[in-house]
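Take a look at the structure set out below.
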Amino acid sequence: MNKVFRCSCITRERAHGALVGEKFNSRKGEGWLMPSNDLRVHIAVEDRLLLHLLEQDDQADLYMVSAAVTRPGIAEACALHPPNVSRSMRTMLRNQWVSEHTRTVRGESRRQKTWQLTDIGRTEALSRSNSLGLTQVLIRDEGGQLLEVTASQASTRLAAELTLLQVLMHAQHEGVLTFGDIRFGMIQKKEDDGKPAPGRLTLGAGAHATYHTEPPETREVHGRSNEL
């Protein structure tokens, strides 16, 4: 009896060891029961910095710049700790992607260290921007439908003024970008001639997923012209 029990224990240990040795994939083992999560977005630090500096490229060579190209501004935009910005910039300096300057910052009393793209860095940033723009992200549109679109199209579909970096960072940290999110700023109105159709408001979806501060636009009611 003891021999049989010992053999069964050894068999289980060997089976467990085989699974560990083969790096058993739980999704593969479960077959089709668990859908693959292929839309997880992860943006490397260098990609964040290049995209941000590309967005601020209009400030290159200016005597007075905004805080967006300083270490604190870059850290805030790229969701990084300030020491990590300096460390990554040193690597990019060695690659000749950026150049370092000391400039006057608007609203500050002292000059600060700033960075801008070089010609090589600008080419690299444009290449990565085109590549990252094809990244698939999830958005929830005005009707509450969950859609899978490319990152470059997300801002237009959400009717918001979002940069590619902002879209990717929201997708990385939250997973789904929702239409009407108050953090995305004012909704950009579309060109239309008539008034919105009735019954378009859905509680808890679209713009009502965050804060609903404006009453719905009234529409014409037929059959009560005398009272109106």
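Observations
- Karplus-derived HN-Hα couplings along region 82-88 (A = 6.51, B = -1.76, C = 1.60, θ = phi - 60°), whole Hz, x at Gly and Pro: x, x, 5, 5, 4, 5, 5
- Label-zone membership for region 138-167, site Glu217, 7 angstrom Cα→C-beta point, backbone N under 17 Å: 142-143, 159-160
- Two-site label geometry, Gln136 and Asp57: point separation in nm, points 7 Å out along Cα→Cβ: 2.9 nm
- Between Arg106 and Leu93, full extension at 0.36 nm per residue minus the direct alpha carbon distance yields a gain of 2.2 nm.
No lab work stands behind these numbers, since they all come straight from the coordinates. Keep in mind the model is a prediction, meaning the values are calculated, not measured. For neighbour counting, all protein chains shown are included, and Cβ atoms are generated from backbone atoms with ideal geometry for every residue, glycine included.
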